[in-house]
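Before any comments, here is the structure.
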Amino acid sequence: MGEDFQREPEIYLSIEYPHSPSFSRWMWTGARKISPLSTTWSAVIGGGMVGTEVGGDVQNIFCVSLTLFLFDATSKKRLCLKTGESVLEFVFEKQTDGHGCWRSFGWCKDEWGEWEDVEY
């Protein structure tokens, strides 16, 4: 990321269902000098089993994603697009060679309202 950040001390880990493990952890902007044009951020990284269809068969794969929220550094007001998009979404995709990379979906709407109350 190229900058310092803080993270929750504990990782939320769910192994209640052995065939569907999941995890999540919050992180946020580290200490920095604030100016009128500065932004801060908060994000949650998480992973879990996701069913995908491959050649007519459903296969479960472990998917890791990151949901990022931007805030005005001075007012701490959450930044959103005028068209309603309020989160930046990323997913880690494993390649056939065993390596992987992050892919950005860009600005997305909070379709189910699960992130409405996120504050910095």
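Where a number appears in this text, it was derived from the coordinates with a stated rule and is not lab data. The structure displayed is predicted, hence computed values, not measured ones. A quick note on method: Cβ atoms are made from the backbone with ideal geometry, for glycine too, and the neighbour counts reach across all protein chains shown.
Laid out as a table, the results:
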| read-out | value |
| --- | --- |
| Computed label-point distance, nm, for sites residue 61 and residue 38 using a 7 Å Cα→Cβ extension | 3.9 nm |
| Length-normalised contact order of the range 1-43 in % [C-alpha pairs under 8 Å, at least 6 apart] | 38 percent |
| J(HN,Hα) series, the range 27-41, from Karplus relation 6.51 cos²θ - 1.76 cosθ + 1.60, nearest Hz, glycine and proline x | 9, 7, 3, x, 4, 7, 6, 9, 10, x, 9, 6, 10, 10, 9 |
| Segments 7-16, 70-79 sorted - mean Cβ within 10 Å per residue, highest first | 70-79, 7-16 |
| Viscosity 1.567 mPa s, temperature 4 °C, Stokes-Einstein D of the range 7-120 from Kirkwood C-alpha radius, µm²/s | 80 µm²/s |
| Karplus-derived HN-Hα couplings along the range 78-88 (A = 6.51, B = -1.76, C = 1.60, θ = phi - 60°), whole Hz, x at Gly and Pro | 5, 8, 9, 7, 4, 7, x, 5, 10, 9, 9 |
| Euclidean distance of C-alpha centroids, the range 52-120 and the range 19-49, integer Å | 11 Å |
| Under 5 Å, built H, 5+ apart or other chain: amide partners of residue 38 | 73 |
